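The values are calculated or read from the model by the stated rules, or taken from the named source; none is laboratory data. It should be emphasised that the depicted structure is a prediction, and the values quoted were computed from it without experimental measurement. Here the Cβ positions follow ideal geometry from the backbone for every residue, glycine too, while neighbour counts run over all protein chains shown. What goes into the accessible areas is simple: the full protein's heavy atoms, side chains included, and nothing from ligands, DNA or RNA. Shrake-Rupley method; radii C 1.70, N 1.55, O 1.52, S 1.80 Å.
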Amino acid sequence: MFSSAKVLLVILVSLFLLSGLFVSPISVNTRSYAQSSDSSQPWHQGTNESTPQVDVNYTQQFSQGVTETTNETSDLLSGGMTLRYMDGTGEMIALTTTYAFTQGGINMSDDQVLNWSDVFNAGINLNTWATVNKTAIGTIYSFMGFDIVNGTANQFNLTRNNLDFGNNTCPGCFDYSVNNIIGSINYANASSISIGAVSLSIANTTYDGNILTESIAKFNVTVDALMSDLPLPPIPPQMQNLTDDVPVPVVLMFTVTHDTAQTNIKYGVSVNWNATKAFPVAKENGDIPGHELYPANFTTGDNFSLVAQDRLSFAYGSSQNTMVNLPTFSSDALNDSAIYYVNNTQLCKEQFPTNFTMLGSSQLYNTTRDYIPVSWQTTWNQSSIFVVFGGFKYNESSGFMFDPAVITPNSVSVINNPNPNPNNTNPTNTNPTTSSSAGGSKNNNPSNLSGSLSVIIPVAVVVAIAAGTVVVVKRRSSSKS
């Protein structure tokens, strides 16, 4: 008999161990314990608290591992804020941060941070665990940032790359890369991340004629990000010391609304580079060993756009008590959602922003959204939605912000895949090079892909690049499970 609770535990352990996606941990000196508010531990500002609806807990773990940006072993501190709901749904949400210190920054013998100025890398992820229609599911959303590209949103384009390299090791394998990258806003490699205190409240709502109590949690996360002339990680080792960067403050604003029928997670983003409007930019010459960077010759008023490159992963429990990672997803006519179907039934929907505002202006700009049904193909396939924020002017624009609307979808019990064909790996458009219009969506034909359900791999091994803000929506029956 399939045990959703057992698979949910597998998801929890797997997601927590892999939540710091930018590090490869090794099993050295790993311990966990509860963490209360302490000014010497700046990764969070809140304290443990409980209400009849939800428990808020802070934990941290010390270990050692190798980061994505260096081959050297580093001391690591991983902190997590967990929302555990007490209404019988089994819902849990965790925001996890991982700090990498140079050697000597942590006393590993007694798990004490000696010098916070020794932090050289910090990252953040959002993890969810739930049971939907008796199926355990889990998601990871890794906050990476934005690649900066030359030109308007209408000029955004991708290149399809052959991954076989002529040696027949992976015939037919390919991926897509973003063209004209001149830099990035990088908060996957931040110098500081701090989770603000959680504000809890309740409200009443009605679902299927039943009055339900909503638990609402609001909190901000501040990130000391970098505006760099390098693309987002992973970065070739030869380029890592060639960068020029400036600090950029980023604020992520979360609202989590939960009841026994649904969980909505939404967040807004505010990025402010007003202090360095003429930020460093460069272009890569891929024909030269070492991938040297050259000035991009940007002048005041030149157009640039931002391409969100956050990473999304979704997994569910199978009847064999294993986890199945689903790297392909469908979308809709607006290309604003990553929709995951299991057995032709929607279990998760993640929605991306359709508009934004620039700092100092009340004008509303639309995003351009590219949905690529198969954006990366090897032994399994991967989908992507590239969300492009256009309309910026070099040395004139100073930042932007967006805050997506709360979604109220139908129940998963009646949202079926309109195009069930899980074995189709031929997308309707696999070579997008032009945009239909700035502020619109491209490749508007919804995919009939629901992913190959036969691939069983550990959760979070495959990371789908699904660019933009995410709203995780999970529906279940209104009765307690």
- Task: Specify which of the listed residues (Thr131, Thr96) is modelled with pLDDT of 90 or more, in contact with a Gly (Cβ under 6 Å, 6 or more places away or on another chain) and not in a loop (DSSP other than H, G, I, E, B).
- Result: Thr96
- Some residue of the range 356-371 being closer than 19 Å to Ile265 by Cα and of a type outside the set (Asp, Glu): yes
- Message: Just to check your reading of the model, which residue among Thr131, Thr135, Thr102 is open to solvent by 10 Å² or more (accessible area, probe 1.4 Å), closer than 29 Å to Tyr316 by Cβ and touching a helix residue (DSSP H, G or I) at 6+ places or on another chain (Cβ under 6 Å)?
- Response: Thr131
- Task: Keeping to the range 258-279, report how many residues are modelled with pLDDT of 90 or more and open to solvent by 10 Å² or more (accessible area, probe 1.4 Å).
- Result: 7
- Message: Return the residues of the range 144-155 that are assigned to a strand (DSSP E or B) and surrounded by fewer than 24 Cβ atoms within 10 Å (Cβ to Cβ); say none if nothing qualifies.
- Response: Asn150
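Here is a yes/no grid of residues against (1) open to solvent by 60 Å² or more (accessible area, probe 1.4 Å); (2) modelled with pLDDT of 90 or more; (3) over 22 Å from the mean Cα position of the chain (by Cα):
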{"site": "Val10", "(1), (2), (3)": "no, no, no"}
{"site": "Leu17", "(1), (2), (3)": "yes, no, no"}
{"site": "Asp38", "(1), (2), (3)": "yes, no, yes"}
{"site": "Pro52", "(1), (2), (3)": "yes, yes, yes"}
{"site": "Tyr58", "(1), (2), (3)": "no, yes, no"}
{"site": "Phe62", "(1), (2), (3)": "no, yes, yes"}
{"site": "Glu91", "(1), (2), (3)": "no, no, no"}
- Message: Out of the residues in the range 341-354 meeting the condition of being open to solvent by less than 20 Å² (accessible area, probe 1.4 Å) and either free of Cβ contacts under 8 Å to residues at least 60 places away in the same chain or of a type in the set (A, V, I, L, M, F, W, C) (or both), tell me which one is farthest from Lys266 (Cα to Cα).
- Response: Val342
- In the range 312-335, anything surrounded by fewer than 21 Cβ atoms within 10 Å (Cβ to Cβ) and of a type outside the set (Val, Ile, Thr) is listed as Ser318, Ser319, Gln320, Asn321, Asp332, Ala333, Leu334
- Among strands (runs of 3 or more DSSP E) entirely inside the range 282-359, those with 2 or more residues being modelled with pLDDT under 90 are 282-284, 293-295, 311-317, 323-325, 337-342, 345-351
- Item | Among residues of the range 149-176, those that are of a type in the set (A, V, I, L, M) and touching a Phe, Trp or Tyr at 6+ places or on another chain (Cβ under 6 Å), counted | 2
- Condition met for Gln363 (without any contact (Cβ under 8 Å) to a residue 12 or more places away in the chain and on the phi < 0 side of the Ramachandran plot): yes
- Message: Every residue in the range 168-218 that is open to solvent by less than 50 Å² (accessible area, probe 1.4 Å), within 26 Å of Asp147 (Cα to Cα) and among the polar types (S, T, N, Q), please.
- Response: Ser177, Asn179, Ser184, Asn186, Asn189, Ser192, Ser194
- Message: Give me the residue from the range 355-381 that is buried (at least 23 other Cβ atoms within 10 Å of the Cβ) and polar (S, T, N, Q) and, out of that set, nearest to Gly317 (Cα to Cα).
- Response: Ser375
